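Structure first, then comments.
The values are calculated or read from the model by the stated rules, or taken from the named source; none is laboratory data. Since we're looking at a predicted model, the values are computed, not measured. Backbone-built Cβ (ideal geometry, glycine too); neighbour counts: all protein chains shown.
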Amino acid sequence: MNLIQAKAVLDRSGSLCEACGASGVQMAHLLHRKQGGRKGVMRQAIHDPRNLAFLCFDHHQELDNRRKGNRGKLMAILKAKTGWASWATEYGVTER
């Protein structure tokens with residue numbers, strides 16, 4: 001990920017968790033590199049700001065399935081805020 005991509009996510013999020021508004025956030029991929037973002041055009045597309053979100057530690061853990069919670073609801077919130085659907089359509093990614 002480059003600085004332009006990171007700045008776009010920072011500007012969108014206001015440097016706060018995009019799920020709950022808490023501070024102390026981490027960059028997270030909605031579609032992870034291990035889920036298809038390591039080769040070809042997806043190698044660059046995976047870092048598109050529409051596939052990235054700033055999250056607090058708890059929501060990042062929930063997104064990555066390392067913490068119990070309502071991951072489906074979290075993904076719906078993040079997809080709406082990030083414009084994920086247009087990114088997925090552009091790169092031929094199926095819903096996850």
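The set of residues in region 53-96 that are modelled with pLDDT of 90 or more, crowded, with 16+ Cβ neighbours inside 10 Å and not in a helix (DSSP H, G or I) comprises ALA53, PHE54, LEU55, CYS56.
Could you go through region 41-49 and let me know if any residue there is assigned to a helix (DSSP H, G or I) and at pLDDT 90 or above.
To start, the set of residues in region 41-49 that are assigned to a helix (DSSP H, G or I) comprises 42-45, 49.
Those still in the list that are at pLDDT 90 or above too: 49.
Yes, some residue in region 41-49 is assigned to a helix (DSSP H, G or I) and at pLDDT 90 or above.
Of all residue pairs spaced 6 or more apart or on separate chains, those with beta-carbon atoms under 9 Å, a first member in region 65-85 that is under 12 Å from CYS20 (Cβ atoms) and a second member that is of a type in the set (Phe, Trp, Tyr) and at pLDDT 90 or above are LEU78/TRP84.
If the condition is being small (Gly, Ala, Ser) and under 14 Å from VAL9 (Cα atoms), then region 81-96 contributes only GLY83. Being loosely packed, with under 11 Cβ neighbours inside 10 Å and within 15 Å of the chain's Cα centre (by Cα) is the filter here, so list the residues in region 3-13 that pass it. If the condition is that a residue be loosely packed, with under 11 Cβ neighbours inside 10 Å and within 15 Å of the chain's Cα centre (by Cα), then ASP11 is the only one that fits.
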